[in-house]
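The values are calculated or read from the model by the stated rules, or taken from the named source; none is laboratory data. Keep in mind it's a predicted model, so treat the numbers as computed, not measured. Heads up, the Cβs are rebuilt from the backbone with ideal geometry, glycines too, and the neighbour counts pull from every protein chain shown. Just the protein is used for accessible areas: all its heavy atoms, side chains included, with ligands, DNA and RNA removed. Shrake-Rupley method; radii C 1.70, N 1.55, O 1.52, S 1.80 Å.
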Amino acid sequence: MLGDHCAAPADRVLLGQPPKTGLHCKMVFRAVSKVLRKSKAKPNGKKPGAEEKKVYLEPEHARSRIADFAFKELVVLPREIDLHEWLASNTTTFFHHINLQYSTISEFCTGETCQTMAVCNTQYYWYDERGKKVKCTAPQYVDFVMSSVQKLVTDEDVFPTKYGREFPSSFESLVKKICRFLFHVLGHIYWAHFKETLALELHGHLNTLYVHFILFAREFNLLDPKETAVMDDLTEVLCGGPGGAGGGGPGAQNHVKER
Ligand SMILES: [Zn+2]
């Protein structure tokens with residue numbers, strides 16, 4: 001979905017390491033840094049005035065897309081395709097695209113600018129394998145997300161690719177977990193790095209990715225509405241709200257039941 005603007009092949013999009021970008025991109029980054037220097041976050045990690053004004057909701061930016069796909073139709077499970085295969089393939093693709101989108105602004109997401117993983121008035125904490133809450137900055141949180149998702153999508157026991165191997169019984173709940181983490185990353189890009197995304201002229205990519213991701217998650221009940229409420233205003237603008245034209249809504253085909 002993302003064009004090859006500053007892009008790297010998916011297999012090079014590795015954890016915590018932004019893909020290598022060309023000289024042109026480096027120059028763009030430097031120019032963007034210069035322009036945005038004045039809009040650095042306050043030490044508490046909150047962007048000044050961001051609460052009052054969400055630039056990403058402005059119609060001229062919200063309208064921007066890289067293509068006008070009928071995502072609502074695109075996300076529906078094609079006939080003859082196994083549901084788990086469809087979930088696995090789409091989840092992996094979203095992971096790569098969201099990782100790539102984040103990598104375009106990762107230079108601006110530092111322990112200094114983003115001391116916490118914040119999206120609007122919500123702050124996310126990472127929980128380690130023993131369930132212990134880990135205090136971390138936004139870039140550390142994103143790194144934890146990308147590392148753990150990479151581990152899952154490349155685990156043959158969870159995302160089998162070889163013929164004859166079955167998906168585990170926990171597959172759907174793991175897909176939901178991945179979607180929840182990826183949603184946090186998308187939310188953070190909008191909340192804390194939309195200005196940089198705008199300066200790089202990648203907001204059309206971001207909006208397109210967001211719409212596709214949200215409609216896919218809606219179609220298969222992959223995200224808890226309580227989880228996504230934090231970005232409801234944007235979802236309403238971009239996808240037309242839960243019952244809107246662009247959305248799934250109550251009449252949508254939901255293949256994955258809540259567990
Ligand atoms: Zn950040």
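Within the stretch 196-204, is there a residue that is within 15 Å of the ligand (Cβ to nearest atom) and among the charged types (D, E, K, R)?
yes
Scan the stretch 127-150 for residues that are open to solvent by 30 Å² or more (accessible area, probe 1.4 Å) and of a type in the set (Phe, Trp, Tyr) and jot them down.
Tyr127, Phe144
Only one residue in Gln150, Gln140 is out of contact with any strand residue (DSSP E or B) (no Cβ under 6 Å at 6 or more places or on another chain), within 16 Å of the ligand (Cβ to nearest atom), within 30 Å of Leu198 (Cα to Cα) and in a helix (DSSP H, G or I). Which one?
Gln140
Report, by residue number, each residue of the stretch 156-175 that is free of Cβ contacts under 8 Å to residues at least 60 places away in the same chain and crowded, with 18+ Cβ neighbours inside 10 Å.
Of everything in the stretch 156-175, just one residue is free of Cβ contacts under 8 Å to residues at least 60 places away in the same chain and crowded, with 18+ Cβ neighbours inside 10 Å, namely Leu174.
Sort out which residues of the stretch 84-126 are within 13 Å of the ligand (Cβ to nearest atom) and open to solvent by 30 Å² or more (accessible area, probe 1.4 Å), and write them in order of number.
Glu107, Thr110, Gly111, Glu112, Gln115, Thr116, Gln123
If you go through the stretch 66-80 one residue at a time, do you hit one that is within 14 Å of His203 (Cα to Cα), in a helix (DSSP H, G or I) and not hydrophobic (A, V, I, L, M, F, W, C)?
Checked against the condition, which is being within 14 Å of His203 (Cα to Cα), in a helix (DSSP H, G or I) and not hydrophobic (A, V, I, L, M, F, W, C), the stretch 66-80 yields no hits at all.
Would it be correct to say that Val153 is touching a Leu at 6+ places or on another chain (Cβ under 7 Å) and open to solvent by less than 40 Å² (accessible area, probe 1.4 Å)?
Numbers: touching a Leu at 6+ places or on another chain (Cβ under 7 Å): no; open to solvent by less than 40 Å² (accessible area, probe 1.4 Å): yes.
In short, no.
Please determine whether any residue of the stretch 44-52 is at pLDDT below 90, away from the ligand (no atom under 16 Å from the Cβ), touching a helix residue (DSSP H, G or I) at 6+ places or on another chain (Cβ under 8 Å) and over 26 Å from Leu215 (Cβ atoms).
Looking for residues that are at pLDDT below 90, away from the ligand (no atom under 16 Å from the Cβ), touching a helix residue (DSSP H, G or I) at 6+ places or on another chain (Cβ under 8 Å) and over 26 Å from Leu215 (Cβ atoms), one finds none in the stretch 44-52, hence no.
Could you check His193 against (1) surrounded by fewer than 24 Cβ atoms within 10 Å (Cβ to Cβ); (2) over 30 Å from Asp82 (Cβ atoms) and say which number it fails?
His193 satisfies every listed condition except (1).
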